[in-house]
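Undergrad: Please see the structure below; I have some questions.
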Amino acid sequence: MTVWERLQALRRGYGLRRGLMREALLRADFLLHRIGKRELVAGLRELGLDEGDLVCVHTAFRSLGFVVGGPLTVIRALEEVVGPEGTILMPAYSTGGMTADWVKGSPVFDVLRTPSDLGVLPEVFRTLPGTLRSLHPTHSVCGRGRLAAALLEGHEEAARPFGQGTPFMRLIERGGSGLILGARLHNFTTLRTIEDHLGASYPLNPYLPETFPVEIVDQAGKRRVVRTLVPDPALGPRRNGDVLLPFLRERGLVREGRVGRANAILVECATLLDALEAATREGILAYRQ
């Protein structure tokens, strides 16, 4: 690619000024902040992740620095830390931003082919041989490891995307952890389990009133239609899970540190639902008032 072609690509993708700043940061990381698997493994272990753990990972890959070997290095580091008895989950949502608009466009969710729209690391994770993916059309989850099949099974049949019978609730029930690398606590989708757990008792209704049909294609190529609740787009701009961080800190449910160059948060989920219920009773919701 010529210099002119690269400039045009940056202009299209980010706007020229933002694109040039991004390019400069990438080059600085390449020269000054090269991160290998050894550093990632050390950071994950220091944060508290251990062999045999069940962990749901949310990342902003760019924040880690220049990772030698790319996203696959991060995945291999996670696998080394949790070992063969551990399990790694990553969200693999595929709606391209506004879920309500996506479901109204008569989409087809193909569990093997529909890409994730959550960035490069979840997409590489999804496409690795041996990775499993739940069949939920809007909020699918991918998994590798000992418990992956049991955690992902039947997600599309759950009454609510984050409630009983979903990987998010099963993460809590099995005492797993949430790992946030370079992202915000807001990005930790498991926080939404409280909304589905309390249902009508939750102070806000986070969903549109009707369910929407979506055609899905399973691993065997079989097609069927499932119905799902869809988050209310009017509430989306008000969501702010970060307001829960001080509450969870007070209860000792988060450990904070660094992995590579990224700020990292490890959330212990065994008592997370109880903590979120207590926060709700105190009027602390993951929404701006």
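Undergrad: Enumerate the calculated ³J(HN,Hα) couplings along segment 163-180 in order (Karplus 6.51 cos²θ - 1.76 cosθ + 1.60, θ = phi - 60°), each rounded to whole Hz, writing x wherever the residue is Gly or Pro.
TA: So the Karplus estimates, Gly and Pro as x, are x, 4, x, 10, x, 5, 6, 5, 4, 5, 4, 9, x, x, 10, x, 10, 10 Hz.
Undergrad: Based on Cα positions only, what radius of gyration and what Dmax would you give for segment 82-224, in angstroms?
TA: According to the Cα coordinates of segment 82-224, Rg and Dmax are 14.8, 43 Å.
Undergrad: Using only the Cα atoms of segment 22-148, what do you get for the radius of gyration and for Dmax, in Å?
TA: Both quantities, over Cα of segment 22-148: 15.9, 47 Å.
Undergrad: Going by average Cβ density within 10 Å per residue, which order do the peptides 262-273, 219-230, 108-119 take, highest to lowest?
TA: 262-273, 108-119, 219-230
Undergrad: Assign one of three labels to segment 159-270, namely rounded, prolate or oblate, based on the Cα gyration tensor with a ≥ b ≥ c the square roots of its eigenvalues; rounded applies when a/c is under 1.5, prolate when it is not and a/b is larger than b/c, and oblate otherwise.
TA: Judged from the Cα gyration tensor, segment 159-270 comes out prolate (a/c at least 1.5, a/b above b/c).
Undergrad: When only Cα pairs under 8 Å and 6 or more residues apart are kept, what is the percent relative contact order across segment 34-281?
TA: Reported relative contact order: 24 percent.
Undergrad: About the Cα centre of segment 214-289, what is the dipole size in debye to 20, counting +1 per Lys and Arg Cβ and -1 per Asp and Glu Cβ, all else neutral?
TA: Roughly 320 debye, rounded to the nearest 20.
Undergrad: For segment 34-281, what does the alpha-carbon gyration tensor say about shape, rounded, prolate or oblate, given a ≥ b ≥ c as the root eigenvalues, a/c under 1.5 as rounded, and a/b over b/c as prolate?
TA: Since a/c reaches 1.5 but b/c is at least a/b, the shape of segment 34-281 is classed as oblate.
Undergrad: Restricting to DSSP H runs of at least four residues, report the calculated mean residue ellipticity at 222 nm for the chain, -39500 (n - 2.57) per run over all residues, nearest 500 deg cm²/dmol.
TA: Helix contribution divided over all residues of the chain: -9500 deg cm²/dmol.
Undergrad: Now for a different question. For the chain, give the magnitude of the charge dipole about the Cα centre (Cβ charges: +1 Lys/Arg, -1 Asp/Glu; no others), in debye to the nearest 20.
TA: The dipole magnitude comes to about 1080 debye.
Undergrad: If you don't mind, another one. Looking at the chain, what % of its DSSP beta bridges pair antiparallel, to the nearest 5?
TA: Given both bridge residues lie in the chain, the antiparallel proportion sits at roughly 65 percent.
Undergrad: Also: When you have a sec, figure out the Kirkwood radius of segment 129-211 from all distinct Cα pair distances and drop it here in Å to one decimal?
TA: 13.7 Å is the Kirkwood radius here.
Undergrad: So how do 154-162, 86-94, 65-73 stack up, highest first, on mean other-Cβ count within 10 Å?
TA: Order by mean packing, descending: 86-94, 154-162, 65-73.
Undergrad: Apply 1/(1 + (r/R0)^6) to the Cβ-Cβ distance of Arg249 and Ala60, taking R0 = 22 Å, and write down the FRET efficiency to the nearest 0.05.
TA: 0.60
Just so you know, all these numbers are worked out from the coordinates, no wet-lab data involved. None of the values given here were measured: they were computed from a predicted structure. Cβ sites come from the backbone with ideal geometry, for glycine too, and all protein chains shown count toward neighbours.
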